[in-house]
Every structure is written in C-alpha cells, then in structure tokens.
1. Is there a residue being hydrophobic (A, V, I, L, M, F, W, C), over 30 Å from ILE5 (Cα atoms), surrounded by 10 or more Cβ atoms within 10 Å (Cβ to Cβ) and without any contact (Cβ under 8 Å) to a residue 40 or more places away in the chain anywhere in the range 32-45?
2. Could you list, in sequence order, the residues of the range 1-58 that are among the hydrophobic types (A, V, I, L, M, F, W, C) and over 22 Å from the mean Cα position of the chain (by Cα)?
3. Taking the range 14-59, which residues are among the β-branched types (Val, Ile, Thr) and at pLDDT 90 or above?
4. What number of residues within the range 18-52 are of a type in the set (Asp, Glu) and part of a loop (DSSP other than H, G, I, E, B)?
5. Can you say whether LEU15 is part of a strand (DSSP E or B) and without any contact (Cβ under 8 Å) to a residue 60 or more places away in the chain, as far as the supplied structure shows?
6. Given the conditions (1) touching a strand residue (DSSP E or B) at 6+ places or on another chain (Cβ under 8 Å); (2) at pLDDT 90 or above; (3) surrounded by 10 or more Cβ atoms within 10 Å (Cβ to Cβ), report the number of the one that ASN64 does not fulfil.
Amino acid sequence: MDNLIIENKGDQMVLKLNKKGFDENYLISLIKRLQVESLAQKSGFNSSILSIAEQINQDWWDENGEKFLKDTKK
C-alpha cells in the first residue's frame with residue numbers, strides 16, 4: 001500500500017494515510033494547518049491584510065524592541 005491515497009468522492013476528497021508512513025505529530029500539525037487555512041479562506045481576507053500585519057509588527061518593534069533586546073549582546 002502506498003503511504004498516501006487520495007480519492008475523489010463527488011464533493012469530498014478522501015485521504016487515506018498509511019500510519020507507518022507518517023509521524024503522528026506531523027499529521028496532527030498538518031491537519032491543524034488545514035483547518036486554519038480553511039478558516040482564513042472563509043474569512044474573505046486578501047493579501048492586503050499582510051501589509052497591516054507587517055505594520056503592526058513594525059510598530060511593536062519600534063516601541064518595544066530596545067527593551068526586549070536589552071540583555072542581548074550586540
């Protein structure tokens with residue numbers, strides 16, 4: 001048996017995985033990522049949200065970066 005079989009069943013895709021071919025923790029993290037991807041698609045967000053996230057990240061580092069990194073060697 002192959003490690004991965006994908007079957008098209010009308011409006012469903014069925015994935016069959018050989019447990020011996022995959023690490024269980026990896027599969028759990030993969031399924032969680034698929035759930036997040038599905039929710040992201042349903043949200044209607046587009047790539048413009050990335051620029052907002054980048055700005056929030058930059059603002060945080062501008063405000064907190066020096067304090068956050070104060071004990072690190074330069």
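1. Scanning the range 32-45 turns up at least one residue that is hydrophobic (A, V, I, L, M, F, W, C), over 30 Å from ILE5 (Cα atoms), surrounded by 10 or more Cβ atoms within 10 Å (Cβ to Cβ) and without any contact (Cβ under 8 Å) to a residue 40 or more places away in the chain.
2. Once the filter is applied, which keeps residues that are among the hydrophobic types (A, V, I, L, M, F, W, C) and over 22 Å from the mean Cα position of the chain (by Cα), the range 1-58 yields MET1, ILE5.
3. Across the range 14-59, the qualifying residues are VAL14, ILE28, ILE31, VAL36, ILE52, ILE56.
4. Final tally of qualifying residues: 1.
5. Considered against the rule, which asks whether it is part of a strand (DSSP E or B) and without any contact (Cβ under 8 Å) to a residue 60 or more places away in the chain, LEU15 comes out as yes.
6. The one condition ASN64 does not meet is (1).
The values are calculated or read from the model by the stated rules, or taken from the named source; none is laboratory data. From a predicted model like this one, the values you see are computed outputs, not experimental measurements. Counting neighbours? That spans all protein chains shown, and the Cβs are built from the backbone with ideal geometry, glycine included.
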